[in-house]
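The values are calculated or read from the model by the stated rules, or taken from the named source; none is laboratory data. Predicted model, so just to flag it, every value in this text is computed and none were measured. Neighbour counts run over all protein chains shown; Cβ positions are idealised from the backbone, glycine included.
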Amino acid sequence: MKKIVLLAATAAFFALLACRLSSAPASEIDCAGALEALHQVRGDMSFPDNFQTENPAKQGGEFDANTYFQALTHLSMQPGYALDYVYHFDGMGGYPLLYPRPAEQAPFRTEADYAASGDSSDYLDYVQIDDTAEGYFQYVVLNILGSQFYLFWHANYNDYQIMCNPSDVRDIAASLGDFGRPMSLLSRLRTLLLRDVAPTVRTSEQSVEVQLVVFTKWGGFLRLTFSIDRNFPHRILDVKEKILVPYDCGVMF
């Protein structure tokens, strides 16, 4: 009888644990769809001539960061706020600085104007998630890829690409050598073993774990594990990195 009670208690414990911790299968995350939608809203990203100057200012017609939410449809800005950016350019590199802007407030024209305001808010603290697995994945996509536009010179070290399936890994491994040194034979063989690369989302009562594989020409294939607060604001609590296949293109800007 004691054995039966113990087995019943154990079964009840694991049933309770399953209720408190759930995982979204990779098949439920539309990784390729989200990345393609992001590519579509960016459209023509030719570098604006007006950004190649000291303390550059927008002149109109540049990329509108709010269109991200047309692609990442499980995300939205906190009501009353818009996503905006100023541009940093120092001759050695250039990149956008994203910030949350009260909708009724005029955009900052330049980085100097933004710095003078004393505002240092993290725009991600104003991004709402619809509490779905897809939403938490898209939040990480925005975190990784959100500032990857209008990159100039040294800023192109920010080149992370998100892997959706093993064919993405093989395509990248085959293309290496067009920019910098090719991947070694041993490393290319190791990429063939990278099968479990689709993003996964694991949810508990207070936090969410998003795991995905990325590639950078200055590091190789990496598995990143994000821990995100499930309560708004959805701050990233921790990021762990594991090198799966090391690689360095050897190029120095």
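Descriptive notes on the structure:
- Test for residue 89: is it in contact (Cβ under 8 Å) with a residue 40 or more places away in the chain and either in contact with a strand residue (DSSP E or B) (Cβ under 9 Å, 6 or more places away or on another chain) or not acidic (Asp, Glu) (or both): yes
- Under the condition of being touching a residue at least 40 places away in the same chain (Cβ under 8 Å) and surrounded by fewer than 19 Cβ atoms within 10 Å (Cβ to Cβ), the residues counted in the stretch 207-223 number 2.
- Single residue of 125, 119 found to be modelled with pLDDT under 95 and surrounded by fewer than 15 Cβ atoms within 10 Å (Cβ to Cβ): 119
- Selection from the stretch 164-180 of residues that are at pLDDT below 95 and part of a loop (DSSP other than H, G, I, E, B): 176, 177, 178, 179, 180
- Of the residues making up the stretch 228-253, those that are under 17 Å from the mean Cα position of the chain (by Cα) and surrounded by 17 or more Cβ atoms within 10 Å (Cβ to Cβ) are 228, 234.
- Positions within the stretch 40-61 being in contact (Cβ under 8 Å) with a residue 24 or more places away in the chain and not β-branched (Val, Ile, Thr), in sequence order: 40, 42, 45, 47, 48, 51, 52, 54, 55, 56, 57, 58
- Of the residues making up the stretch 235-253, just one is aliphatic (A, V, I, L, M), assigned to a loop (DSSP other than H, G, I, E, B) and closer than 18 Å to residue 172 by Cβ, namely 251.
- Scanning the stretch 194-229 for residues that are small (Gly, Ala, Ser) and not in a strand (DSSP E or B) yields 198, 204.
- Verdict on residue 45 being modelled with pLDDT under 95, in contact with a helix residue (DSSP H, G or I) (Cβ under 7 Å, 6 or more places away or on another chain), over 30 Å from residue 207 (Cβ atoms) and among the aliphatic types (A, V, I, L, M): no
- Only one entry in 21, 35 is modelled with pLDDT of 80 or more and either within 19 Å of the chain's Cα centre (by Cα) or not acidic (Asp, Glu) (or both), namely 35.
- Total residues in the stretch 74-98 satisfying the condition of being at pLDDT 95 or above, surrounded by fewer than 18 Cβ atoms within 10 Å (Cβ to Cβ), in contact with a helix residue (DSSP H, G or I) (Cβ under 8 Å, 6 or more places away or on another chain) and not in a strand (DSSP E or B): the figure is 1.
- Residue 232 meets the stated requirement of being more than 16 Å from residue 162 (Cβ to Cβ), among the aromatic types (Phe, Trp, Tyr) and either outside any loop (DSSP other than H, G, I, E, B) or in contact (Cβ under 8 Å) with a residue 12 or more places away in the chain (or both).
- Residue within the stretch 76-83 that is under 17 Å from residue 143 (Cα atoms), touching a Lys or Arg at 6+ places or on another chain (Cβ under 7 Å) and of a type outside the set (Ser, Thr, Tyr) present: yes
- Among the residues examined, residue 136 does not qualify as within 14 Å of residue 35 (Cβ to Cβ), touching a strand residue (DSSP E or B) at 6+ places or on another chain (Cβ under 9 Å) and either modelled with pLDDT of 95 or more or not β-branched (Val, Ile, Thr) (or both).
- In the stretch 99-113, the residue that is nearest to the chain's Cα centre (by Cα) out of those that are closer than 21 Å to residue 150 by Cα, of a type outside the set (Gly, Ala, Ser) and surrounded by fewer than 21 Cβ atoms within 10 Å (Cβ to Cβ) is 100.
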